[in-house]
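I have placed the structure first, in the form of structure tokens, so that the comments after it can refer back to it.
Just so it is clear, none of the values below were taken in a lab; they were calculated from the coordinates. Keep in mind the model is a prediction, meaning the values are calculated, not measured. So basically every Cβ, Gly included, is an ideal-geometry build from the backbone, and we count neighbours across all protein chains shown.
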Amino acid sequence: MAEQSDPRGPGYWCIPPVTYPDDEWLSQSDAARELGISRLRVVGRIFSGHLASARSRRGESGVTRASVAKDREWLATASRRAKFFRAFADLFLWWL
């Protein structure tokens, strides 16, 4: 299988979004509203791998509904300590 070149250049580490049907896709703004966090934090969770990047059939960027439901459940059940360590680990991995 031929390897495709990335238009953003070599070393781009983000997993490219997959196209999903509209009933399985949420915009980043809608995901932020549903999770009760800012849109910037949604982008951070996408880069950290906690939310799955998705693209609508129209080419709009967003996340999957399944990943939002999973993250919402984690936010509701995680202790403050778990939230702190998750945030610390995410920041540490971004600096590497």
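Taking the Cβ of residue 48 as the centre, find all other residues whose Cβ is under 14 Å away and add up their charges (Lys, Arg: +1; Asp, Glu: -1). Kindly include the intermediate steps, with their values, before the conclusion.
Details: positive: 41, 45, 70, 83, 86; negative: 71, 90.
Here the count lands on +3.
Using a Förster distance of 22 Å, how high is the FRET efficiency between residue 40 and residue 18, based on the Cβ-Cβ distance and rounded to 0.05?
0.45
Take residue 78 and residue 94, extend 7 Å from each Cα along the Cα→Cβ direction, and tell me the distance between the two endpoints in nm.
1.4
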